[in-house]
Amino acid sequence: MSYAAQHLRETAEIVSRLNPADCEQCVAVLRATRERGGRLFILGVGGSAANASHAVNDFRKIAGLETYAPTDNVSELTARTNDEGWATVFVEWLRTSRLNAKDCVMVFSVGGGNLEKNVSPNLVTALQHAKQVGASVIGLVGKDGGYTAKVADACVIVPVVNASNVTPHSEAFQAVIWHLFVSHPALKVNLTKWESVAPKA
């Protein structure tokens, strides 16, 4: 079997094993956030940060939900890293943004954060703050979901079908799942461009 065939087979297996009920639960949390006038903050590191930036556009433009990603402000991100340390970049950004019980924090991550292994401690400290102020938490994570899955109000875990491909599948499925969210009739309030110009059936 070629690698391309293997990768696509793994992708199909992940799709078949994802839990639709988990997706629906996330959509319900997001809708409740919008209805109470809350904001959505999307946290991600590395490839997940790039996904967060894209997702901000979609949640704002398609779902009408006020949404931000701290990593979009590279000046603040690097200043906080330099001056205060990497572990606090997200929590301090959320404090300055006055994160509160109306809001929701969504994490895009392969491992979900793990303080014991010192992996993505910035996600863990941000989620600890979110729980303290009563904000909702959603996760789109891989592996066992780490700290995010433990504390989230709703979470989609991308199943591991090949331990050698955990990162690419986890990050790819973040995009699949957030596009599911913004396309969901319970969240979608505006047509995407190509659908808006398509001939009426």
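Selection of first residues in segment 49-62 that are touching a residue at least 24 places away in the same chain (Cβ under 8 Å) and of a type in the set (G, A, S) and of second residues that are in a loop (DSSP other than H, G, I, E, B) and surrounded by 17 or more Cβ atoms within 10 Å (Cβ to Cβ), restricted to Cβ pairs under 6 Å at least 6 apart or on distinct chains, gives the following pairs, ordered by first then second residue: A52/A69. Scoring G38 on the criteria (1) within 13 Å of S136 (Cα to Cα); (2) not in a loop (DSSP other than H, G, I, E, B) leaves a single failure, condition (2).
Considered as a group, the residues in segment 1-27 that are within 17 Å of E171 (Cα to Cα) and hydrophobic (A, V, I, L, M, F, W, C) include one that is farthest from the chain's Cα centre (by Cα), and that residue is L8. Within segment 64-108, being in a helix (DSSP H, G or I) and of a type in the set (D, E) holds for D72, E76, D83, E92. Pairs only if they're at least six apart or on different chains, beta carbon under 7 angstrom, first in segment 173-194 and at pLDDT below 95, second part of a helix (DSSP H, G or I) and not hydroxyl-bearing (S, T, Y); list them, first residue then second. Final answer for the pair search is N190/K61.
Looking at this structure, is A130 under 15 Å from V29 (Cα atoms), over 12 Å from the mean Cα position of the chain (by Cα), of a type outside the set (F, W, Y) and buried (at least 18 other Cβ atoms within 10 Å of the Cβ)? Here the answer is yes, as A130 does meet what is asked.
Within segment 1-60, if we keep just the residues that are touching a Lys or Arg at 6+ places or on another chain (Cβ under 8 Å) and charged (D, E, K, R), the residue that is surrounded by the most Cβ atoms within 10 Å (Cβ to Cβ) turns out to be R39.
Residues that are among the small types (G, A, S) and free of Cβ contacts under 8 Å to residues at least 60 places away in the same chain within segment 1-45 comprise S2, A4, A5, A12, S16, A21, listed in sequence order.
For T33, state whether it is modelled with pLDDT of 95 or more, farther than 17 Å from S120 by Cβ, part of a helix (DSSP H, G or I) and of a type in the set (S, T, Y). Before you say what the answer is, go through the steps one by one.
On the way: modelled with pLDDT of 95 or more: yes; farther than 17 Å from S120 by Cβ: yes; part of a helix (DSSP H, G or I): yes; of a type in the set (S, T, Y): yes.
Taking the combined requirement at face value, the residue satisfies it.
Residue count for segment 147-171 under the criterion of being over 26 Å from R9 (Cβ atoms) and assigned to a loop (DSSP other than H, G, I, E, B): the result is 2.
The values are calculated or read from the model by the stated rules, or taken from the named source; none is laboratory data. What you see is a predicted model, and the numbers here were worked out from it, not measured in a lab. Using ideal geometry, Cβ is built from the backbone for each residue, glycine included, and neighbour counts are taken over all protein chains shown.
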